[in-house]
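Working notes, beginning with the structure itself.
The values are calculated or read from the model by the stated rules, or taken from the named source; none is laboratory data. Not measured: the values here are computed from a predicted model. Methodologically, a virtual Cβ is constructed for each residue, glycine included, from the backbone with ideal geometry; neighbour enumeration extends over all protein chains shown.
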């Protein structure tokens, strides 16, 4: 009998995004589930891409990334956050933030190490830990406020994790962690001599009075933190797969050793175009305009949910909105999302797959509002049927 395949990832199955997107396509539903913007990217970015595709180069970039993009990333962090990174030794370009998360976790962790994960969380975190042979130690955020609790965080740190994964603005909850929460993490990181990977891909998507503060700016954290971001969210080009990691050389070196054997390098013309876009964003009001546009779309969706029976939760950052459907019915979130997709024609994402130990009593789903205004308005018109439809789901027991 021949040996079978590895079973270490069997428990994860197919991504919820793939499953729900396939369901949306089958029922021709408006997709407000997956975080894939349908807004046009900035013209400066597209013109830069066209130029670099015409002129080249078209061969491998250096594995750490092309020099113009590493320099542009370093300028951005210096100008926006007063963080200094050497573009040659401390900035690494990869194939999107997800690939760099994999490289950071696998570069820093040994088999048997523990990684502290704040859940619900982006669905790649725990699989990356498993691939590194590490054990995920989870701290749960709970509705409706999704705040970090000191007692739970302190208890998790007692297990002496080697690495903490921080994500703010937070996917999927839309939270921007407060200074008190980040200071608590900082204090525990120092007390337990822990490293940090900070996923900050939604750094420019904050609303109202909330603003992003990079974790590396907290006292004592610069030398312990790998900060990861990308062009995907800020410029609406999730398919480009260009991201970056900034860290002191002692943390950059193991990340690069992993990165070079996974994808080696991101696409050269798109790296060069991303460098142009970052410099243009610093020279214009791109980030402020981007926040304003997304804030209007958020407000459109919140207003549109009035009268549907869904209760929107506060959105401080990201382009995701959580809503509670508990006033409509008590079926599971996965069943609710399948029903609303197939019978109402609006695709949303259940929250339970974002947690390794979801509470079956929770009735919360996630919308993505990075959509054209007309797309949101059409979804709202379809959601007018939700109360009537959901009343039958209770009795059906789906």
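Tabulated results
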read-out	value
Which numbered condition residue 338 fails, given (1) touching a strand residue (DSSP E or B) at 6+ places or on another chain (Cβ under 9 Å); (2) in contact (Cβ under 8 Å) with a residue 60 or more places away in the chain; (3) in a loop (DSSP other than H, G, I, E, B)	(3)
Qualifying residues in region 133-144 (those that are touching a strand residue (DSSP E or B) at 6+ places or on another chain (Cβ under 6 Å) and not in a strand (DSSP E or B)) - the one modelled with the highest pLDDT	134
Scope region 81-97; condition out of contact with any strand residue (DSSP E or B) (no Cβ under 8 Å at 6 or more places or on another chain) and touching a residue at least 40 places away in the same chain (Cβ under 8 Å); matching residues	81, 82, 86, 89
Condition check for residue 215: in contact with a helix residue (DSSP H, G or I) (Cβ under 7 Å, 6 or more places away or on another chain) and over 24 Å from residue 243 (Cα atoms)	no
Spans of helices (runs of 4 or more DSSP H) in region 246-307 with at least 3 residues without any contact (Cβ under 8 Å) to a residue 24 or more places away in the chain and not assigned by TED's automatic domain parsing to the domain that holds residue 89	286-305
Single condition residue 50 does not satisfy, out of (1) under 29 Å from residue 287 (Cβ atoms); (2) touching a helix residue (DSSP H, G or I) at 6+ places or on another chain (Cβ under 6 Å)	(2)
Test: residue in region 143-161 that is over 21 Å from residue 362 (Cα atoms), surrounded by 23 or more Cβ atoms within 10 Å (Cβ to Cβ), touching a residue at least 12 places away in the same chain (Cβ under 8 Å) and within 18 Å of the chain's Cα centre (by Cα)	no
Qualifying helices (runs of 4 or more DSSP H) (wholly inside region 9-91; at least 3 residues being at pLDDT 95 or above and surrounded by fewer than 17 Cβ atoms within 10 Å (Cβ to Cβ))	43-55, 67-81
Any chance residue 101 is in contact with a strand residue (DSSP E or B) (Cβ under 9 Å, 6 or more places away or on another chain) and modelled with pLDDT of 95 or more	yes
Count of residues meeting criterion [in contact with a helix residue (DSSP H, G or I) (Cβ under 9 Å, 6 or more places away or on another chain) and assigned to a loop (DSSP other than H, G, I, E, B)] in region 96-132	8
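Condition check ((1) within 19 Å of residue 322 (Cα to Cα); (2) in a helix (DSSP H, G or I)) across all residues:
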{"residue": "183", "(1), (2)": "no, yes"}
{"residue": "186", "(1), (2)": "no, yes"}
{"residue": "202", "(1), (2)": "yes, no"}
{"residue": "212", "(1), (2)": "no, no"}
